[in-house]
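> Once you've had a glance at the structure underneath, I'll fire off some questions.
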Amino acid sequence: MEMSSKLLERAVAEISQLPGIGKRTALRLALHLLRQPEGQTEELANAILKMRTQMQQCKKCHNISDVELCEICINPQRDHSLICVVEDVRDVMAIENTGLFRGVYHVLGGKISPIDGIGPGQLTIIPLIEKVRSGSVKELIFALSPTMEGDTTNFYIYRQVKDTGVVTSAIARGISVGDELEFADEVTLGRSIMHRVPFENSLAGK
């Protein structure tokens, strides 16, 4: 795509690296920004820069947060003995949008996937197991996407904690096998959380 401005060309190249953004869409966005008041474009740039440099991980659950502990973890109204184990922050947002879960979360940061070179050591599994072994956890809800990698990760964690006496459950299969959790509608996802089943039951037939 030939352009008369190297500055515009660079902006388009950077924007087009965003997920789902092709060169033509990136060009439309860049030209749109050029038409906006300079102050508005600066606000956008500053917001992105601050998000990138100041946002951090919650030290307790590994969710994104502006401070050391996220709002969910410091909320005394949440049931801190009930932990929902999810892949990433998008799943936290999806479950929170249902308004039906009042426990807390543990964000793994991915799923075990040997083909992608991701093992247990690349995820936050050890801190999760330490939480369980501390004796403060009554139930773990496995809410990873029902894919092969998700099931493998669930089973790995289950084996690490099954001797602790903690209850382990899995979201009901209202979520279709192979689907990503973040794309489930709120009603289906909410029902899957509320009608969770003992994790051992989810192993039937495997």
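> Determine the alpha carbon to alpha carbon distance for each of K138/K162; K60/K131; K131/K162; K59/K138 and list only those over 18 Å.
Pairs exceeding the cut-off: K59/K138.
> Would you order D151, D66, D91 from fewest to most other beta-carbon atoms within 10 Å of each residue's own beta-carbon?
Final ranking by Cβ density, sparse to dense: D66, D151, D91.
> Once you've got the GNM for the chain with C-alpha springs shorter than 10 Å, pick whichever of E43, E68, E130 has the biggest mean-square fluctuation.
E43
> Kindly state, to the nearest 0.05, the FRET efficiency for S5 paired with Q57, given R0 = 45 Å and r defined as their beta-carbon distance.
That pair, S5 with Q57, gives E of 0.70.
> Fully extended, how many nm does the chain gain between F155 and N97 (0.36 nm per residue separation, minus their Cα-Cα distance)?
Additional length available on full extension: 18.2 nm.
> Send over the per residue convex hull volume for the range 115-171, Cα only, as a whole number of Å³.
Dividing the Cα hull volume of the range 115-171 by its residues yields 75 Å³.
> Just rank S192, S113, fewest to most, by other beta-carbon atoms within 10 angstrom.
Sorted ascending by nearby Cβ count, the order is S113, S192.
> Can you run the Rg to Rh ratio on the range 6-54? Use alpha carbon positions and the Kirkwood inverse-distance Rh.
Ratio value, two decimals: 0.99.
> Only Cα pairs under 8 Å and at least 6 apart count here; give the relative contact order of the chain as a rounded whole percent.
Contact order relative to length: 15 percent.
> Please find, in a Gaussian network model of the chain (springs between Cα atoms separated by less than 10 Å), the residue of L144, L31, L100 whose mean-square fluctuation is greatest.
Judging by the Gaussian network model, the answer is L31.
> Where in the range 69-124 are there GluC sites (Glu not before Pro) that are in a DSSP coil and have at most 16 other Cβ atoms within 10 angstrom of their Cβ?
E71
> Which trypsin sites (Lys or Arg not before Pro) does the range 1-101 hold that lie in a coil by DSSP with at most 13 other beta carbons within 10 Å?
K59
> Moving on. Taking the alpha-carbon centroid of each part, what is the distance from the range 27-61 to the range 132-150 in angstrom?
Value for the Cα centre distance between the two parts: 34 Å.
> Using only Cα atoms, tell me the angle between helix 23-35 and the longest principal axis of the chain; keep it within 0 to 90° and round to the nearest 10.
60 degrees
> Please work out the ratio of the alpha-carbon Rg of the range 42-90 to 2.2 N^0.38 Å and round it to two decimals.
1.38
> Also, quick follow-up: Rank H32, H80, H106 by mean-square fluctuation in a GNM of the chain with C-alpha springs under 10 angstrom and give only the top-ranked residue.
H32
> For the range 1-127, what is one quarter of the convex hull surface built on the Cα atoms, given in nm²?
11.4 nm²
> I would also like to ask the following. Relative to the first principal axis of the alpha-carbon coordinates of the chain, what is the inclination of helix 148-161, with its axis defined by its Cα atoms, in degrees from 0 to 90 and to the nearest 10?
Helix 148-161 and the main axis of the chain meet at about 50 degrees.
Bear in mind these aren't lab numbers, they're just calculated from the coordinates by the rules spelled out. The shown structure was predicted, so the numbers you read here are calculated from the model rather than taken from an experiment. Reconstructed Cβ throughout: ideal geometry from the backbone, glycine too, with neighbour counts over all protein chains shown.
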